[in-house]
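The values are calculated or read from the model by the stated rules, or taken from the named source; none is laboratory data. All of these numbers come straight from a predicted model, not from anything done at the bench. A quick note on method: Cβ atoms are made from the backbone with ideal geometry, for glycine too, and the neighbour counts reach across all protein chains shown. These accessible areas exclude ligands, DNA and RNA; they are computed on the full protein's heavy atoms, side chains included. Shrake-Rupley method; radii C 1.70, N 1.55, O 1.52, S 1.80 Å.
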Amino acid sequence: MWYTNHELCYIYRRTPPLIMEIITLNITDLFKQFAHRQQELLREVPSGDNLRMNGKLDPLLALCSSSSEISLLRQALLDPYFPLGMLEQTVFSDVDGMRFFIYKRRPDLEPVLADELGKYSEAFLKIRLDIETLFDPTTITCIPLDGKKHRLPVDQWCTLCGVCCQIGGVPPEPPAKISYPDHWYKYLSGGAVDNQQLCPFLFQYFGEPRFFCAIHHVKPMSCRYFDEKECHQRLSSRGLHQQ
Ligand code: SF4
């Protein structure tokens, strides 16, 4: 018997959790299992100490077809600033709109999600390298990007929830006297992946549910103008991603 996607969504949503675990071994579950454990490890470890191995990484990497993809993903996913928590909330979260529902464990979405994860990882690593080589990583954002757990700012209205960076793109206009690398224009305007749902300049703080702009002190003008009133508007509007 064949089902439409709508019917499949209905069936999947009502399958008991235990059976779901048995019948699914997909990139969304593998990513969430890895991300959950990795964020725990990052939160637990004192600044500067080595992390323990995360046994959930290899099953996720086994979905990659080439050794270059594996190496790129490994480097990005183990970075303490990689936004695992925000990818869980966007790319790997079901989308519930007024007239549609996108179930992210759909088999036909597997290659799309794998491609998005690969492209976010690639953009993240490029941005990390650009910050190291073209800017000053100790002053470009609110904390030095040196892998140590520096204190995040607290005396401000922004709680660093990262929700305002769940966006397709912004006008890539830099502040005066700042030049961006050419590919940043594409990333900022929404071209890092085909269906950008998250700004690739958003970094996460060591597995905590706190996110910060990696280029805060040189971010585009539209981001600089975003104020507390707009923040409240953004947080009160219902997002499409299910948490
Ligand atoms: S939505 Fe508001 S509180 Fe959250 S990161 Fe953006 S500005 Fe900060």
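Side notes on the structure shown:
- Residue within the stretch 137-145 that is touching a strand residue (DSSP E or B) at 6+ places or on another chain (Cβ under 7 Å) and over 18 Å from L188 (Cβ atoms) present: yes
- Matching option when the condition is within 15 Å of the ligand (Cβ to nearest atom), assigned to a loop (DSSP other than H, G, I, E, B) and of a type in the set (D, E), among D155, D146: D155
- Among all residues of the stretch 74-82, there is at least one that is out of contact with any Gly (no Cβ under 7 Å at 6 or more places or on another chain), part of a helix (DSSP H, G or I) and among the small types (G, A, S).
- Residue count for the stretch 186-229, restricted to those that are free of Cβ contacts under 8 Å to residues at least 24 places away in the same chain and part of a helix (DSSP H, G or I): 3
- All of D49, D115 fail the test of being under 18 Å from the mean Cα position of the chain (by Cα), among the charged types (D, E, K, R) and more than 22 Å from C161 (Cβ to Cβ), apart from D115.
- For the stretch 129-137, the criterion of being of a type outside the set (S, T, Y), in a loop (DSSP other than H, G, I, E, B) and exposed (fewer than 13 other Cβ atoms within 10 Å of the Cβ) is satisfied by at least one residue.
- Take the conditions (1) in contact with an Asp or Glu (Cβ under 6 Å, 6 or more places away or on another chain); (2) assigned to a helix (DSSP H, G or I); K104 misses just one of them, which is (2).
- For the stretch 109-120, the criterion of being over 30 Å from D29 (Cβ atoms), modelled with pLDDT of 95 or more and either within 16 Å of the ligand (Cβ to nearest atom) or assigned to a helix (DSSP H, G or I) (or both) is met by no residue.
- The residues of the stretch 47-70 that are closer than 20 Å to T28 by Cα and in a helix (DSSP H, G or I), listed by number, are L57, D58, P59, L60, L61, E69, I70.
- Candidate set: the stretch 65-88, residues that are among the polar types (S, T, N, Q) and open to solvent by 50 Å² or more (accessible area, probe 1.4 Å); chosen: the one farthest from R43 (Cα to Cα): S65
- Count - residues of the stretch 174-233 that are within 16 Å of the ligand (Cβ to nearest atom), open to solvent by 30 Å² or more (accessible area, probe 1.4 Å) and of a type in the set (A, V, I, L, M): 1
- Conditions (1) surrounded by fewer than 21 Cβ atoms within 10 Å (Cβ to Cβ); (2) in a loop (DSSP other than H, G, I, E, B); (3) of a type in the set (A, V, I, L, M); number of the one not met by V91: (1)
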